[in-house]
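This report refers to the structure that appears directly beneath it.
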Amino acid sequence: MPQRVVHHSACPLDCPDLCGLAVTVDEGKVVEVDGDRRGPITDGFICGKVRKIAQHLYGDHRVLQPRVRAGAKGSGAWRTVSWDEALGLVADRIASIRARAGGEAILPYHYGGSNGWLTEGALATRFFRRLGASNLDRTFCAAATTAATQGLYGKLPGVALEDFEHARLIVLWGVNPSATGIHLVPVIERARGAGAKLVVVDPRRTPLARRADLWLPVRPGADLPVALAMIGALFARGHADRAFLAKHAAQVDELHIRAARWSIADAAGVAGVEAKQLDRFVELYARSSPAVIRAGWGLERNRNGGSAVAAILALPAVAGKFGVRGGGYTMSNSDARWGVSSESAIGEPPTTRRVVNMSDLPGALRDLRDPRVECLFVYNCNPVATAPDQAAVIAQLAREDLFVVVHEQVMTDTAAFADVVLPATAFLEHRELRRGYGVMRMFDSPAVATPPGEARSNNQLFGALIERLGLGRPGDAVTDDELVAATFAAHDNGAALRAQLAEKHVATPGPDPRPVPFVDVFPSTPDGKIQLVPPGLDREARGLYEYRADPGTEAHPLALISPALATQISSTFGQLREAPGALEMSPHDATVRGISDGDRVRVWNATGNVECQVRITPDVRAGVCVLAKGLWRKHTHNGFTANALVPAAFADLGGQAAYNDARVQVAKLEAV
Ligand SMILES: Nc1nc2c(c(=O)[nH]1)N[C@H]1C(S)=C(S)[C@@H](COP(=O)(O)OP(=O)(O)OC[C@H]3O[C@@H](n4cnc5c(=O)[nH]c(N)nc54)[C@H](O)[C@@H]3O)O[C@H]1N2
Ligand SMILES: Nc1nc2c(c(=O)[nH]1)N[C@H]1C(S)=C(S)[C@@H](COP(=O)(O)OP(=O)(O)OC[C@H]3O[C@@H](n4cnc5c(=O)[nH]c(N)nc54)[C@H](O)[C@@H]3O)O[C@H]1N2
Ligand code: SF4
Ligand SMILES: [Mo]
């Protein structure tokens, strides 16, 4: 009898590619994972992280049973308990806090980039809404880009990733597909093989920057003047597409006025690039069609991030790049026209309880009053590794008077500070419904493996808590089947999507899975036009397109950025990393500080202090250093990572965390 069975599933990790997977399972255990061909770009191969997922699922760090702390917070002493005891304890504490201080004293804390509609929004949201808990504003990622994109274009899918093949010019702006969305790389290579040019705008020489026709190594946070100067030059040199703008755009003159304040020379000066290179970029962009800008998320995480994204996304409108296959921009494609949302499965309308920005977690725990936060409930998230101001996050989580519940797959740096740790299932062990934010596909992926130990899915956990606290109502959708049915039932397109998913477990939003912007799909703004200076964003940013100067000081002159690692998704899989984290710096910045490759250094600013190894590389521009996002505390010498240097400050739009606004000084540590 064959033991091994191959199941089809999908990868819901926070990655634009949303690969369809072929998963080989032996007696309930995953033994092999590879890509399948149900998605448009996976083409049978996947990244190393997910090929090795068995190490994550069955490794030593996996939480197998509920645990209750048995010593001081963070001491690492635990008592294993039954689910019944753990749920009783959590339900009792939550009920008593709510009765005494009110529901808002409970703060759910989740990001959920690695989760889809079933394990992110459904029963957890119902539970916290019915409790009357504080609401969380989820601003770790894509908050500024979403505000900018929606402000300018409403819901408009961008250029399909597979259509990059048709472009004659590809611009990668603050995005590093070689690590963060690998399936775009062969598409870009095919386009280049057919003669397309490649421009990369990034302070680091990424793998694709190395091969690019033009690498523009802008200073972090200086994309805004660059994009505005380009817009100004397009107008001044007669490259603006006046006919397109007249038909499809509003506030054209206002954008022109704001952009004209920036000359190529001034913008190049602020960005630290050569004016003639920027000039070359303008001419290349003006003269190439189809031209596509793939904008990433590296560029949103600073004080100018929202305005920068808005200005970059205005470029294809001004230059008239839309209306041809492979022309326009791609930001997030989660706004493809699905016509459904997971809101209808929740069974409880949004509440008007106070809203807490997740990117200032220490501030929320320290400063909020009436009521104070007494319970933090963490799921789908690892804030000790991923939230700004790490030392303050740790200090708050370590407070004896804060009740911390963490539902997790592995013993993360956050779980270490919990009062109660509850074992969570991973994808492949629970059903998931996920739509892509890169590829325009939706997968309904069944559970294909047996959860190890006593791991339970988010819906099992929150379903049980809803029951214990008496928050259930007749007619609530409870099982995954019921939740999926409720998700689709409320929407026009729901039946068609369900039929596609039932047949193939994969669906496309409409008849054409790669719509051409301004041919097949148009902006969904109120007047149907592109809003080049949306009044709402102008107010929110207190002056959209106003450049805010670099926050560097004499004491802390170097910009610290924290891009993604190829081997992890944010902090996910970090437990498997053995190699220490290294601060990357340019030969110039190292030499002037007497630092040699491999030295142990101290990196500091007013927010914190990191001690780690240094790696000297010409691939980062002078004035910039790099310490990857998602490292764990074990990866540095003093147990602090990049977020110890990131102040809890926000970008100009969306309350977005300004991770890349950290400015630091670096010095060699004497050998110890
Ligand atoms: N392997 C892997 N894949 C991932 C992730 C991961 O952690 N690992 N994370 C996923 C998630 S959560 C996200 S949001 C996406 C992120 O996808 P990307 O946006 O591609 O990821 P980042 O590495 O954060 O940033 C991209 C680039 O922006 C550059 N950058 C930083 N600051 C600036 C700036 O001010 N201007 C410009 N022009 N460039 C700047 C960085 O040097 C970096 O090369 O990737 C997803 N995919
Ligand atoms: N310095 C710096 N920090 C950053 C960034 C940066 O650029 N610089 N980028 C930010 C970005 S782009 C993002 S998206 C955030 C991501 O930050 P987080 O949201 O914290 O994401 P992860 O680090 O992937 O951690 C997710 C955790 O959820 C757990 N998990 C996964 N699935 C489930 C589930 O079904 N149930 C439960 N209960 N748990 C589950 C995983 O095991 C993992 O530990 O990090 C941000 N942090
Ligand atoms: S992380 Fe991205 S590339 Fe890797 S399997 Fe998942 S979707 Fe594919
Ligand atoms: Mo992200």
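Taking into account only those residues within region 265-317 that are open to solvent by 40 Å² or more (accessible area, probe 1.4 Å) and among the basic types (Lys, Arg), which is farthest from ligand 3 (Cβ to nearest atom)? Filtering first and then ranking leaves LYS276.
Every residue, every condition in (1) in the same structural domain as GLU120 (by TED's automatic domain parsing); (2) open to solvent by 10 Å² or more (accessible area, probe 1.4 Å); (3) in contact with a Leu (Cβ under 8 Å, 6 or more places away or on another chain); (4) within 16 Å of ligand 1 (Cβ to nearest atom), yes or no:
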| site | (1), (2), (3), (4) |
| --- | --- |
| ASP401 | yes, yes, no, no |
| VAL405 | yes, no, yes, no |
| ALA424 | yes, no, yes, no |
| GLY436 | yes, no, yes, yes |
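Criterion first (at pLDDT 95 or above and crowded, with 21+ Cβ neighbours inside 10 Å) does PRO40 satisfy it?
Numbers: at pLDDT 95 or above: no; crowded, with 21+ Cβ neighbours inside 10 Å: yes.
When the stated conditions are applied, PRO40 does not pass them.
Only one entry of GLY323, GLY347 meets the criterion of being on the phi > 0 side of the Ramachandran plot and in the same structural domain as GLU300 (by TED's automatic domain parsing), and that entry is GLY323. With respect to the conditions (1) touching a helix residue (DSSP H, G or I) at 6+ places or on another chain (Cβ under 7 Å); (2) within 29 Å of SER9 (Cα to Cα), VAL516 lacks only one, and its number is (1).
Output the residue which, of all residues in region 273-305 that are of a type in the set (Lys, Arg) and outside any loop (DSSP other than H, G, I, E, B), is nearest to ligand 4 (Cβ to nearest atom). So the residue we want is ARG294. Residue check: LEU57 meets all listed conditions (1) outside any helix (DSSP H, G or I); (2) of a type in the set (A, V, I, L, M); (3) within 16 Å of ligand 3 (Cβ to nearest atom) but one, namely (1).
Would a scan of region 83-103 turn up a residue that is touching a Phe, Trp or Tyr at 6+ places or on another chain (Cβ under 6 Å), in contact (Cβ under 8 Å) with a residue 12 or more places away in the chain, assigned by TED's automatic domain parsing to the domain that holds MET442 and in a helix (DSSP H, G or I)?
If we filter region 83-103 for residues that are touching a Phe, Trp or Tyr at 6+ places or on another chain (Cβ under 6 Å), which is where we start, we get 93.
From the residues that got through so far, the ones that are in contact (Cβ under 8 Å) with a residue 12 or more places away in the chain too are 93.
Adding the requirement that they be assigned by TED's automatic domain parsing to the domain that holds MET442 leaves 93.
Remaining after also requiring in a helix (DSSP H, G or I): 93.
Looking for residues that are touching a Phe, Trp or Tyr at 6+ places or on another chain (Cβ under 6 Å), in contact (Cβ under 8 Å) with a residue 12 or more places away in the chain, assigned by TED's automatic domain parsing to the domain that holds MET442 and in a helix (DSSP H, G or I), one finds at least one in region 83-103, hence yes.
Which residue is nearest to the chain's Cα centre (by Cα), if the candidates are limited to region 614-639 and must be farther than 22 Å from PRO207 by Cβ and either open to solvent by 50 Å² or more (accessible area, probe 1.4 Å) or not assigned by TED's automatic domain parsing to the domain that holds GLY594 (or both)? Of everything passing the filter in region 614-639, ARG633 is nearest to the chain's Cα centre (by Cα).
Filtering region 1-24 to residues that are among the β-branched types (Val, Ile, Thr) and open to solvent by 10 Å² or more (accessible area, probe 1.4 Å) leaves VAL5, VAL6, THR24. On inspection, PRO452 qualifies as more than 16 Å from ligand 4 (Cβ to nearest atom) and at pLDDT 95 or above.
For region 645-666, indicate whether the set of residues that are open to solvent by 40 Å² or more (accessible area, probe 1.4 Å) and farther than 12 Å from ASP360 by Cα is non-empty. For region 645-666, residues open to solvent by 40 Å² or more (accessible area, probe 1.4 Å) and farther than 12 Å from ASP360 by Cα: absent. Only residues that are in contact with a Cys (Cβ under 8 Å, 6 or more places away or on another chain) and farther than 23 Å from VAL309 by Cβ were counted in region 546-570, giving 2. Here ASN176 meets each of (1) in contact with a Phe, Trp or Tyr (Cβ under 9 Å, 6 or more places away or on another chain); (2) within 16 Å of ligand 3 (Cβ to nearest atom); (3) farther than 30 Å from GLY339 by Cβ with one exception, condition (1). Scanning region 441-469 for residues that are acidic (Asp, Glu) and more than 20 Å from ALA22 (Cβ to Cβ) turns up GLU454, GLU467.
I'd like the full set of residues that are touching a helix residue (DSSP H, G or I) at 6+ places or on another chain (Cβ under 7 Å) and under 20 Å from ALA142 (Cα atoms), limited to region 112-127. If you could, list the steps in order and put the result at the bottom.
Taking region 112-127 as the starting set, the residues that turn out to be touching a helix residue (DSSP H, G or I) at 6+ places or on another chain (Cβ under 7 Å) are 112, 117-119, 121-127.
Scanning region 112-127 gives GLY112, TRP117, THR119, GLY121.
Looking for something closer than 30 Å to LEU376 by Cα, aromatic (Phe, Trp, Tyr) and away from ligand 1 (no atom under 15 Å from the Cβ) - is there at least one such residue anywhere in region 147-165? No, there is no match, as no residue in region 147-165 is closer than 30 Å to LEU376 by Cα, aromatic (Phe, Trp, Tyr) and away from ligand 1 (no atom under 15 Å from the Cβ).
I'd like the full set of residues that are over 23 Å from CYS47 (Cβ atoms) and either within 16 Å of ligand 2 (Cβ to nearest atom) or buried (at least 23 other Cβ atoms within 10 Å of the Cβ) (or both), limited to region 150-168. Lay out the reasoning, then the answer.
Residues of region 150-168 that are over 23 Å from CYS47 (Cβ atoms), as a first pass: 150-157, 166-168.
Selection gives GLY151, LEU152, TYR153, LEU156, PRO157, ALA167.
Considering VAL410, VAL393, the condition of being more than 8 Å from ligand 2 (Cβ to nearest atom) and open to solvent by less than 20 Å² (accessible area, probe 1.4 Å) is satisfied by VAL393 alone.
Given the residues ARG100, ARG51, which is the only one that is more than 32 Å from the chain's Cα centre (by Cα) and open to solvent by 10 Å² or more (accessible area, probe 1.4 Å)?
Values: ARG51 fails: more than 32 Å from the chain's Cα centre (by Cα).
Checking each option against the conditions leaves just ARG100.
One line per residue, one yes/no per condition, for (1) farther than 18 Å from PRO316 by Cβ; (2) not β-branched (Val, Ile, Thr):
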| position | (1), (2) |
| --- | --- |
| GLN150 | no, yes |
| THR180 | yes, no |
| ARG192 | yes, yes |
| LYS197 | no, yes |
| ASP213 | yes, yes |
| GLY232 | no, yes |
| ARG237 | no, yes |
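Given the residues ALA142, ALA147, ALA86, ALA95, which is the only one that is surrounded by fewer than 24 Cβ atoms within 10 Å (Cβ to Cβ) and away from ligand 2 (no atom under 14 Å from the Cβ)? Let's see the steps before the verdict.
Numbers: ALA142 fails: away from ligand 2 (no atom under 14 Å from the Cβ); ALA147 fails: surrounded by fewer than 24 Cβ atoms within 10 Å (Cβ to Cβ); ALA86 fails: away from ligand 2 (no atom under 14 Å from the Cβ).
ALA95 is the lone residue from the list that is surrounded by fewer than 24 Cβ atoms within 10 Å (Cβ to Cβ) and away from ligand 2 (no atom under 14 Å from the Cβ).
Can you pull out the residues in region 1-46 that are within 16 Å of ligand 4 (Cβ to nearest atom) and hydrophobic (A, V, I, L, M, F, W, C)? The answer is CYS11, LEU13, CYS15, LEU18. Among the residues making up region 180-202, those that are farther than 14 Å from SER332 by Cα, in contact (Cβ under 8 Å) with a residue 40 or more places away in the chain and open to solvent by 20 Å² or more (accessible area, probe 1.4 Å) are ILE182, PRO186, LYS197.
Yes/no per residue for (1) among the basic types (Lys, Arg); (2) farther than 17 Å from TYR111 by Cβ:
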| position | (1), (2) |
| --- | --- |
| ALA319 | no, yes |
| ALA336 | no, yes |
| THR351 | no, yes |
| ARG369 | yes, yes |
| TYR379 | no, no |
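For region 531-555, filtering for residues that are open to solvent by 40 Å² or more (accessible area, probe 1.4 Å) and assigned to a loop (DSSP other than H, G, I, E, B) leaves 10.
Which residue is farthest from ligand 2 (Cβ to nearest atom), if the candidates are limited to region 279-300 and must be touching a residue at least 60 places away in the same chain (Cβ under 8 Å) and of a type in the set (Lys, Arg)? Steps first, answer last, please.
Step one: list which residues in region 279-300 are touching a residue at least 60 places away in the same chain (Cβ under 8 Å), which gives 280-281, 284-285, 288-300.
Among the residues that remain, those that are also of a type in the set (Lys, Arg) are: 280, 294.
Numbers: ARG280: 29, ARG294: 16 Å.
Residue satisfying both the conditions and the ranking: ARG280.
Pairs are defined by a Cβ separation below 8 Å, a sequence spacing of at least 6 or placement on different chains, a first member in region 375-390 that is under 15 Å from LEU402 (Cα atoms), and a second member that is open to solvent by less than 10 Å² (accessible area, probe 1.4 Å) and among the hydroxyl-bearing types (Ser, Thr, Tyr); the pairs so defined are LEU376/TYR109; PHE377/TYR109; VAL378/TYR109; VAL378/THR414.
The values are calculated or read from the model by the stated rules, or taken from the named source; none is laboratory data. Given the structure is predicted, the values throughout are model-derived calculations rather than measurements. Please note: Cβ atoms are built from the backbone with ideal geometry, for glycine as well, and neighbour counts cover all protein chains shown. Each accessible area value is taken on the protein alone, full model and side chains, heavy atoms only, with ligands, DNA and RNA left out. Shrake-Rupley method; radii C 1.70, N 1.55, O 1.52, S 1.80 Å.
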